[in-house]
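Reading through the structure tokens given below for one structure.
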Amino acid sequence: MLPKRTGKVPNVTKFDASFFGINYKQAHIMDPICRLLLERTYEAIVDAGVNPHFLKGQKIGVFVGASINETESVWFYERPHENGYGLTGCARAMYANQISYWLGITGPSYAVESACSSSACAFEQAYRSICNGSCESAIVSGSHLCLHPYISLQVSCLGILSPEGCCRPFDKYGNGFARSEAICVMFLQKACHAKRVYAMVVHAKTINEGFNSLGIMCPSGDMNKVLLEKCYQECGADTSALEYIEAHGTATKVGDAEELKGITLAFCKDRKTPLLIGSFKSNMGHPEGASGLCGITKVIIAMETGFIPPNLHYINPREDVESLVNGQLKVVNETMPWIGNLAGVSSLGFGGSNTHIILQRNQKNKVNGGAPDDIIPRLVIASGRTEEAVDVILTNFESRPVDAEFVYLMHDLQSTEIVGHKYRGYTLLTQDGRKLRSVNYYPGSKRPVWFVFTGIGSQWPGMGKSLLKLPVFASAIDKCQQALKPHGVDVISIITSDEPRILNNILNCFVGIAACQIGLVDVMRAVGIEPDGIVGHSVGELGCGYMDGCLTAEQMVLAAYYCGRAALEAELIKGMMAAVGLGAEQAKKLCPPDIEVACHYGLNFCMLSGPVESMKKFVEMLQHRGIFTREVNCANIALHSNYMSLAAPLLLKYLKQLIPRPKPRSSRWVSSSVPQYQWNTLLAMHASAEYHINNLLNAVLFKEASQHIPHNAITIEIAPHGLLQPILECSLNKGITHIAITQQGHPDCTGWLLTALGKWVYS
């Protein structure tokens with residue numbers, strides 16, 4: 001009679017074959033252990049903060065601990081005629097080789113079999129291979145599935161299975177173990193390369209007990225003592241500092257007694273406090289060949305959480321083990337605090353191959369416990385094969401306090417596309433618990449990115465206040481502040497003041513817009529977003545110059561300053577600008593002689609510029625006709641009209657001094673101030689003083705310039721406010737995605753900006 005209880009791994013029948021490059025026929029015949037190992041390997045690598053793509057070609061070893069293969073009899077002997085994939089799908093060598101093949105790694109790759117100590121022995125092999133230079137890092141795994149009842153029958157016949165399927169290590173009523181399944185994978189790296197550390201491997205050692213007069217399956221306490229003493233002596237570890245031993249502990253009569261004898265002889269002679277011991281097999285059963293890595297996992301849980309998980313089913317100590325009775329050894333049968341640094345993990349094979357591994361707790365604490373030392377929200381981006389996969393990752397981040405180090409690890413992992421991930425999403429983690437998230441299908445093709453630099457009208461009181469929380473933005477503004485200081489302009493005050501009247505001065509408008517655009521460009525560069533194309537609107541052409549490398553930050557903000565200064569010194573007429581629901585050609589037919597079309601936006605949208613009184617009358621007339629109108633704050637300057645010509649000589653003088661050697665504009669900068677038929681002229685080819693003066697004196701040809709934006713592009717509006725979003729959405733192809741990274745009046749523009757970056761990630 002077999003026990004009714006067995007520990008099971010779920011979803012053994014499921015496998016994402018295409019992700020791992022496995023063809024349909026092979027996937028159906030492949031040993032489920034091999035399939036599960038591939039999946040857990042991916043998870044272990046990603047959990048370490050490493051993109052699997054970057055492992056290709058590296059000298060990384062794969063060491064798989066595997067004992068009995070319970071599927072090979074089917075595909076080797078019962079159904080060998082199927083398609084020949086039985087050999088490649090079920091041979092134990094392929095457990096390791098398939099991982100190496102998938103990742104394209106070139107280190108040692110083989111399966112290790114030493115019965116119940118297989119995975120621990122594989123771990124020791126991996127550790128030594130890294131130490132001797134055979135590989136730079138290693139993937140170590142342990143695997144065991146209970147698929148064929150005859151195997152359980154064989155084990156039962158040996159008298160080592162618990163009839164009720166309950167494992168009671170170290171208890172007087174222990175009568176064997178329950179069989180269990182496990183698939184464990186760990187990624188071993190040198191400390192200097194590791195981004196995420198659970199524990200340090202101090203040492204590992206394997207020996208065989210040799211001849212034993214009691215039989216090959218009977219462990220020797222004396223030889224276990226030899227293994228333990230040599231293991232600690234070789235690395236110089238202080239056994240008095242040993243906090244805990246995760247023993248093999250299978251609840252067999254002979255096995256537990258002999259193992260505890262060896263532990264007592266090796267560690268308890270001069271020990272002043274009880275040595276804590278335990279065995280995870282009381283909690284989940286015995287996964288046989290995978291048990292070594294399961295033991296390591298339990299120790300890591302203790303080190304990570306600060307509490308040692310308790311043994312189940314331990315009530316009465318074995319009376320034949322004196323060290324249990326007298327308290328030299330103490331079984332952890334209730335949750336206990338973890339207070340030490342060292343732990344040992346033992347794994348014994350029934351043929352006498354035994355391994356012991358010494359682990360040290362990662363003693364490097366997170367700065368501030370991982371909590372941010374600022375008030376900046378954290379954007380978390382994630383990708384996955386399914387929408388559910390992304391949702392699980394984002395929910396995990398949302399369910400815990402903001403951990404800046406964990407977020408950075410995720411950023412680093414996601415900085416390069418993970419091939420095969422079809423869904424992307426983001427969540428914004430805030431100090432007040434607000435969460436903004438979205439998950440979308442990602443088609444996989446890289447879309448061109450275009451920056452749109454908006455000009456006059458995008459300014460608003462306090463436009464840069466929230467963004468100063470971002471160090472990159474703040475550094476850019478400080479650069480602008482230093483450049484403007486000799487001219488008596490306080491740009492920080494301009495972009496942080498809530499007083500609307502500060503923007504009644506055209507100089508402040510120009511300088512504020514320019515400074516914010518410099519900061520936003522620097523933020524885009526800091527997160528790795530580089531545009532394929534750029535187009536400007538009004539004084540936004542100065543932003544194009546900075547993005548294109550034609551102007552330095554100092555030159556851009558000073559050019560904006562001089563544009564404003566020239567407009568003020570020239571004593572221009574009191575002007576007004578207004579957006580209207582008419583196309584440029586329609587508006588020209590209706591406008592009185594003193595009003596000009598200042599900006600071409602679309603078939604049914606443009607901006608007008610002219611003397612304030614005339615503009616008011618005309619706007620009122622349009623409103624009576626039911627035509628949309630909206631006044632634009634232009635600080636009483638009629639920009640992009642002949643009324644600016646009085647400022648041209650002064651501005652030419654200032655900009656000539658500022659830009660003595662103008663640089664050529666690149667092909668990605670599409671001009672909105674020079675008609676396309678003139679793009680080969682000297683005026684259009686350089687970001688010169690003349691180019692920028694021409695921009696202010698003539699109509700903005702935004703409609704014409706924006707037609708060069710590809711139909712599948714992503715536009716990112718670089719401005720204090722996403723002024724042009726309605727125009728872009730109405731006038732451009734519907735396949736274009738438009739993103740505004742700022743929003744007028746929003747209480748947290750930093751959060752808005754980060755959310756916009758999240759939208760870019762999955763677009």
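For this structure, a couple of remarks:
- Karplus-based coupling profile of region 15-30, in residue order and whole Hz: 6, 8, 4, 5, 4, 9, x, 9, 6, 4, 5, 5, 4, 6, 9, 4, with θ = phi - 60° in 6.51 cos²θ - 1.76 cosθ + 1.60 and x standing for Gly or Pro.
- With one equal scatterer per alpha carbon and no solvent term, the Debye-computed log10 I(q)/I(0) for region 256-331 at 0.20, 0.22, 0.25, 0.26 1/Å reads -1.01, -1.16, -1.29, -1.31.
- Using a probe of 1.4 angstrom and keeping all protein chains present, the accessible surface of the chain works out to 42 square angstrom per residue.
- Backbone amide hydrogens, once placed in the peptide plane, bring Ile308 within less than 5 Å of Met336, Trp338, excluding anything fewer than 5 places away on its chain.
- Taking amide H as placed 1.01 Å from N in the peptide plane, the amide H of Arg271 sits under 5 Å from none that are at least 5 places away or on another chain.
- Helix 749-762 and the longest principal axis of the C-alpha atoms of the chain enclose an angle of approximately 70°.
- The order of the peptides 239-252, 4-17 by mean Cβ neighbours within 10 Å, most packed first, is 239-252, 4-17.
- Principal-axis analysis of the Cα atoms of the chain puts helix 506-526 at an angle of about 20° to the longest axis.
- Between region 549-628 and region 321-340, the C-alpha centres lie 83 angstrom from each other.
- Listed residues Phe406, Phe397 arranged by accessible area, highest first, probe 1.4 Å: Phe406, Phe397
- Convex hull volume per residue, computed on the Cα atoms of region 320-475, equals 245 Å³.
- Under the Debye formula (equal points on every Cα, no solvent term), log10 I(q)/I(0) of region 556-600 at q = 0.18, 0.21, 0.31 Å⁻¹: -0.72, -0.81, -1.09
- Taking the C-alpha atoms of region 545-661, convex hull volume expressed per residue in Å³: 116
- Taking every alpha-carbon pair under 8 Å whose residues sit at least 6 apart, region 511-568 reaches a relative contact order of 41 percent.
- With the simple spin-label model, which puts each label point 7 Å out from Cα in the Cβ direction, the Asn326 to Arg630 separation comes to 8.7 nm.
- Met685-Lys663 pseudo-label distance in nm [points 7 Å out on the Cα-to-Cβ vector]: 1.8
- Of every Cα-Cα pair in the chain, the percent that sits beyond 44 Å: 45
- Computed lengthening from Glu304 to Tyr24, 0.36 nm per intervening residue step minus Cα-Cα distance: 96.8 nm
- Averaging Cα coordinates gives a centre for region 81-148 and one for region 358-430; these two points are 30 Å apart.
- Value of D in µm² per second that Stokes-Einstein yields for region 197-300, Kirkwood Rh from Cα pairs, at 20 °C (1.002 mPa s): 145
- Length gained when the stretch Tyr408-Asp432 is fully extended (0.36 nm per residue, less Cα-Cα span): 6.7 nm
- Its Kirkwood hydrodynamic radius, worked out from the mean inverse distance over all distinct Cα pairs, puts region 272-384 at 16.9 Å.
- Ranked by how many other beta carbons lie within 10 Å on average, peptides 544-556, 506-518 from highest: 506-518, 544-556
- Region 681-763, Rg to Rh (Cα coordinates; Rh as Kirkwood inverse mean 1/r): 1.05
- 10 Å binning of all Cα-Cα separations within region 428-501, expressed as whole percents from 0 upward: 14, 28, 32, 19, 6, 0
- Loop trypsin sites (Lys or Arg not before Pro), region 314-405, which have at most 14 other Cβ atoms in a 10 Å radius of their Cβ (DSSP): Lys364, Lys366
- Relative to the current alpha-carbon distance between Asn642 and Lys364, full extension at 0.36 nm per residue lengthens the span by 93.4 nm.
- Estimated dipole of the chain in Debye, rounded to 20 [Cβ of Lys and Arg +1, of Asp and Glu -1, Cα centre]: 800
- Between helix 118-131 and the chain: long-axis angle, C-alpha atoms, 0 to 90°, nearest 10: 60
- Around the Cα centre of region 144-207, unit charges on the Cβ atoms of Lys, Arg, Asp and Glu (plus for the first two, minus for the last two) sum to a dipole of about 420 debye.
- Region 10-59: equivalent-ellipsoid semi-axes (sqrt of 5 x gyration tensor eigenvalues, Cα, Å): 22, 13, 8
- Candidates per trypsin sites (Lys or Arg not before Pro) in region 427-500, loop by DSSP, up to 16 other Cβ within 10 Å: Arg434, Lys446, Lys465
- Dipole in debye (nearest 20) - region 204-310, about Cα centre, beta carbon charges: Lys, Arg +1; Asp, Glu -1: 160
- Loop-located chymotrypsin sites (Phe, Trp or Tyr not before Pro) in region 422-496 (DSSP state other than H, G, I, E, B) with a sparse environment of at most 12 neighbouring Cβ atoms within 10 Å are absent.
- Distance in nm between pseudo-label sites at Lys172 and Ser399 (7 Å out along the Cβ direction from Cα): 4.2
- Debye intensity ratio I(q)/I(0), log10, region 368-414, q values 0.16, 0.21, 0.22, 0.26 Å⁻¹ (C-alpha model): -0.44, -0.72, -0.78, -1.01
- Accessible area, probe 1.4 Å, largest first, for residues Ile216, Ile263, Ile183: Ile216, Ile183, Ile263
The values are calculated or read from the model by the stated rules, or taken from the named source; none is laboratory data. For clarity, every value in this text was computed on a predicted model and none was experimentally measured. All Cβ positions, glycine included, derive from the backbone under ideal geometry; neighbour counts span all protein chains shown. We work out accessible area using only protein heavy atoms, side chains counted, and drop any ligands, DNA or RNA first. Shrake-Rupley method; radii C 1.70, N 1.55, O 1.52, S 1.80 Å.
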